[in-house]
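Chemist: Supplied in structure tokens, the structure appears directly below.
Bear in mind that the values in this text are calculations on the coordinates, not laboratory data. Keep in mind that this is a model prediction, so the values were computed, not measured. Counting neighbours? That spans all protein chains shown, and the Cβs are built from the backbone with ideal geometry, glycine included.
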Amino acid sequence: MDPAHRALLRAHRLELSGQLLVSDTIVPLLYQDDILTEAQVEHIESQPTNRQKTLKLLDLLPSRGPRAFHSFLRALDDFSWVRDKLLLELQTRPGPGPGPGPGPEPGPGPGPAPAPAPGLSSTDVCRLPDSVLQKVPSDQELSRLASRLGAEWESVLMDLGLSAEAVFRCRSDHSLSIQAAVLAGLVQWRRRDGRKATVQRLVQSLKAADVHPSILEEVLMGPTREALICHPPEKPL
């Protein structure tokens, strides 16, 4: 999803959750457009209130590809005033780039460099050494990451490959602690993927959920991460 579209949905998240009724037309249309999977539809419909169903949908949309936002707007036929308001703000709100659409930023260099992921710069990922990116995170590191994730945690777990049912189980089994629910999902991912459950794979899923990689840097490197990356450790006297 385009960063501007993601930011717009995030800014109006609570407002939309009080205005939309997603079960009747919005979710079915998104399913028909292949934006939502059957498991995700069931996950949304399992929420006890309409407000929570809408919030769950808004949590899932940013990770559902470049067509998700436009399909969502098309599904708002019964809520045309909401769609008009979103489109108006999208046209008028200032953006970080030279235009509303995604694309490479202008620069003096002649070579076409690949654009970084939404919201991230190339230095954000390079701050973690390759040796760290290729390792499998420990229980302690996963626990620290779980304590730092916010509302995006379910999107992160689903991008890592957990099913909607598995995420729902994590949440219901640990209903009194979000951190415990997130940790259970991360441990399940690591157990399933084995050596492929690397820090680099975590970075990819955090980016997909629009979570800044500095969170992972703090988890893995701690307050001395800059020194560890820029300077070799000194020998003890």
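Chemist: Specify whether the C-alpha gyration tensor of the range 167-212 places it in the rounded, prolate or oblate class, a ≥ b ≥ c being the square roots of the eigenvalues: rounded for a/c under 1.5, otherwise prolate if a/b is larger than b/c and oblate if not.
Modeler: Judged from the Cα gyration tensor, the range 167-212 comes out oblate (a/c at least 1.5, b/c at or above a/b).
Chemist: I've got another one for you. Determine, for 212, 43, the number of other Cβ atoms within 10 Å of each Cβ, and report the residues in order from fewest to most. Provide the component values of the computation, followed by the final result.
Modeler: Working: 212 12, 43 23.
Ascending number of Cβ neighbours within 10 Å: 212, 43.
Chemist: Another question, if that's okay. Label the range 43-83 by shape, choosing from rounded, prolate and oblate, from the square roots a ≥ b ≥ c of the eigenvalues of the Cα gyration tensor; if a/c is under 1.5 it is rounded, and otherwise prolate applies when a/b is larger than b/c, oblate when it is not.
Modeler: Values: a/c = 2.71, a/b = 1.23, b/c = 2.20.
Note, shape of the range 43-83 comes out oblate.
Chemist: So for the pair residue 19, residue 151, with labels modelled 7 Å out along Cα→Cβ, what separation do we get in nm?
Modeler: Each label point lies 7 Å from its Cα, and together they span 1.5 nm.
Chemist: Which of rounded, prolate or oblate describes the range 3-89 when judged by the alpha-carbon gyration tensor and an a/c cut-off of 1.5?
Modeler: Rounded.
Chemist: If r is the Cβ-Cβ distance from residue 87 to residue 177 and R0 is 45 Å, what FRET efficiency results, to the nearest 0.05?
Modeler: Efficiency, rounded to the nearest 0.05: 0.70.
Chemist: Test of understanding: what is the full-extension gain from residue 33 to residue 140, defined as 0.36 nm times their sequence separation minus their Cα-Cα distance?
Modeler: Stretched fully, the residue 33-residue 140 segment lengthens by 34.5 nm.
Chemist: Quote the convex hull volume per residue of the range 130-221, based on C-alpha atoms, as a whole number of Å³. Can you show the working numbers first?
Modeler: On the way: hull volume 7.5 nm³, N = 92.
For the range 130-221, the hull spanned by Cα atoms encloses 82 Å³ per residue.
Chemist: Right, something else. Compute the FRET efficiency between residue 163 and residue 12 as 1/(1 + (r/R0)^6), taking r as their Cβ-Cβ distance and R0 = 30 Å, and round to the nearest 0.05.
Modeler: Working: r = 29 Å, r/R0 = 0.95.
Efficiency at R0 = 30 Å is approximately 0.55.
Chemist: List 69, 168 from most exposed to least, where exposure is judged by having the fewest other Cβ atoms within 10 Å.
Modeler: Numbers: 69 22, 168 18.
The most exposed by this proxy come first: 168, 69.
Chemist: Compute the FRET efficiency between residue 214 and residue 67 as 1/(1 + (r/R0)^6), taking r as their Cβ-Cβ distance and R0 = 22 Å, and round to the nearest 0.05. Show your work: numbers first, answer last.
Modeler: Numbers: r = 29 Å, r/R0 = 1.33.
Here the calculated transfer efficiency is 0.15.
Chemist: Run down the lysines and flag those whose C-alpha is under 22 Å from the C-alpha of residue 207, throwing out any fewer than 8 positions away in its chain.
Modeler: The qualifying lysines are 56, 135, 196.
Chemist: Tell me, 141, 45 in order of fewest to most beta-carbon neighbours within 10 Å?
Modeler: Ascending number of Cβ neighbours within 10 Å: 45, 141.
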